[in-house]
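Encoded as structure tokens, the structure appears first; notes follow it.
The values are calculated or read from the model by the stated rules, or taken from the named source; none is laboratory data. The model shown is predicted, which means the values in this text are computed figures rather than measured ones. No Cβ is skipped: glycine too gets one built from the backbone with ideal geometry, and neighbour counts run over all protein chains shown. Just the protein is used for accessible areas: all its heavy atoms, side chains included, with ligands, DNA and RNA removed. Shrake-Rupley method; radii C 1.70, N 1.55, O 1.52, S 1.80 Å.
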Amino acid sequence: MNFLKTLAKKIISFSPKKRKLVLVSIDISLLSSSVIISSFLIHMSGINLVVGETVWTIPALLLFGIPIYLSTSQYKGLTRYEGSNAIYKLAGRNTFIILILLIFGIISNNLLPPLIWWILLWLLINV
């Protein structure tokens with residue numbers, strides 16, 4: 001626990017650019033983990049999920065998600081208190097990212113996971 005306090009204090013002392021880089025790195029790992037966890041949960045529920053249906057989503061999610069977060073001031077809200085309005089903006093951004101990802105998958109003729117996977121992914125990204 002003491003380690004986490006020390007780490008948090010060190011990160012807070014970073015310059016704004018370094019803090020943003022830390023947040024982007026955390027988002028990269030969380031977005032990738034959300035895809036893996038949602039695929040695992042769908043597979044465990046008995047729905048047959050082919051690996052090819054989701055393997056393309058991690059790079060595409062990072063390709064579209066991180067620039068959208070950066071261009072919509074996602075990290076500015078996370079580095080200071082903004083209130084509950086920031087949560088609604090985040091849910092809107094994530095909905096937009098999921099829709100772009102879905103459209104990209106359709107246009108590029110990738111195998112698409114079932115609808116429940118997309119809903120689960122949206123929930124995990126928002127959490």
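A straight chain from Leu112 to Lys9 at 0.36 nm per residue would run longer than the Cα-Cα distance by 32.8 nm. Helix content alone sets the calculated 222 nm mean residue ellipticity of the chain: runs of n ≥ 4 DSSP H residues at -39500 (n - 2.57) each, divided across all residues, give -25000 deg cm²/dmol.
Using a 7 Å offset from Cα along Cα-Cβ at Asn85, what residues in region 54-73 end up with backbone N under 15 Å from the label point? Under 15 Å, as judged by backbone N against the label point of Asn85, lie 73 of region 54-73.
If you roll a 1.4 angstrom probe over the protein chains with everything in place, what fraction of the accessible area of the chain belongs to carbon and sulfur, to the nearest %? Display every interim value, and only then the final one.
On the way: 6040 of 8360 Å².
Exposed carbon and sulfur together represent 72 percent of the surface.
Say R0 is 30 Å: what FRET efficiency, to the nearest 0.05, do Ile47 and Val24 get from their beta-carbon distance?
In this case the efficiency is close to 0.40.
Its Cα gyration tensor gives the chain an equivalent ellipsoid, and the semi-axes of that ellipsoid, as √(5λ) in whole Å with the largest first, are 29, 17, 13. Looking at the chain, the accessible area is 66 square angstrom per residue; that uses a 1.4 Å probe and ignores ligands, DNA and RNA.
Length available on full extension from Ser33 to Trp56: 0.36 nm per residue minus the Cα-Cα distance, which gives 6.9 nm. Taken over the chain, lysine pairs spaced eight or more positions apart, or on distinct chains, with alpha carbons under 13 Å apart number 5.
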